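Taken together, the values in this text are just the output of simple stated rules run on the coordinates, not laboratory data. Since this is a predicted model, take the numbers as computed values, not measurements. All Cβ positions, glycine included, derive from the backbone under ideal geometry; neighbour counts span all protein chains shown.
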Amino acid sequence: MFRLQGSKVLAVDMTGDAVRAKNGSMVAYDGQMAFKKMSGGGEGIRGMVTRRLTGEQMTVMEVKGHGTCWFADRASEINLVGLQGDKLYVESSNLLATDAALRTGTSFTGLRGASQGNGLFTTTVEGHGQAAIMSDGPAVVLRVSAQYPLTVDPGAYVAHQGNLRQSFQSGVTFRTLLGEGGGEAFQIRFEGDGLVYVQPSERNTIAGGV
């Protein structure tokens, strides 16, 4: 159902089914479509309350009908992720669209969110289907294995999936190692077996110029 048209536009072909997408991201459609704005990025009251408490605003719309919809957001690169019953963790600002069959929610991420100023939770997507995530520049997918843990700058982190353990190393980032940063800063360390998506451009954070 999901396909890329170029690297910055997502085309979704629908035959009566639905897709959930970032509000305002639809750029065109053909056929017969119905649109519904949804409250909160997660399901149910918990998702709505979580985002209100953390200040992480994510407005989602549901599109249902027959035809094709095209989605894009600020010329970001789009990456398709297939889920087979597993869970994807993704920054809410990097999530463009999901199959309506996929479940979305929130997951506590601890100090990373508190230091970064993006809230204490990150978005989760799980089930069977496809999700489209965005990155500032072409995303790189890095493999984490037991022999090769991975350390990531939080400004470049987009998403991860698999059996991964996440921890935080505070007080240093790649830039502070070179004397170019200051204040509270940290890195994200992944151990286990899975995939991490990183972008070649760092988003602005509050964590000491990470």
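Show me, for the range 7-13, the HN-Hα J-couplings you get by feeding each phi into the Karplus relation (A = 6.51, B = -1.76, C = 1.60, θ = phi - 60°), rounded to Hz, glycine and proline as x.
For the range 7-13, the Karplus-derived couplings read 9, 10, 10, 9, 9, 10, 8 Hz, x marking Gly and Pro.
Near the amide H of LEU95, under 5 Å away, which other amide H atoms are found, from residues 5 or more places off or on another chain, if H is placed in the peptide plane?
MET134
I'd like the FRET efficiency for VAL141 and VAL9, computed as 1/(1 + (r/R0)^6) with the beta carbon distance as r and R0 of 30 Å, rounded to 0.05.
So the FRET efficiency works out to roughly 0.90.
Name the long-range amide H neighbours of ASP17: under 5 Å, sequence gap of 5 or more, or other chain; modelled H, no Pro or chain starts.
Hits under the 5 Å cutoff: GLY65.
Starting at the first residue of the range 23-28, write each ³J(HN,Hα) from the Karplus equation 6.51 cos²θ - 1.76 cosθ + 1.60 with θ = phi - 60°, in whole Hz, x for Gly and Pro.
Result, rounded to whole Hz: 4, x, 8, 6, 10, 6.
How large is ³J(HN,Hα), in whole Hz, for each residue of the range 83-95 in order, when computed from phi with the Karplus curve 6.51 cos²θ - 1.76 cosθ + 1.60 and θ = phi - 60°, using x for Gly and Pro?
Values, residue by residue: 10, 10, x, 8, 10, 10, 9, 9, 4, 4, 5, 9, 9 Hz.
With a Förster radius of 22 Å, plug the Cβ-Cβ distance of HIS128 and ASP30 into 1/(1 + (r/R0)^6) and report the FRET value to the nearest 0.05.
The formula returns an efficiency of 0.20 here.
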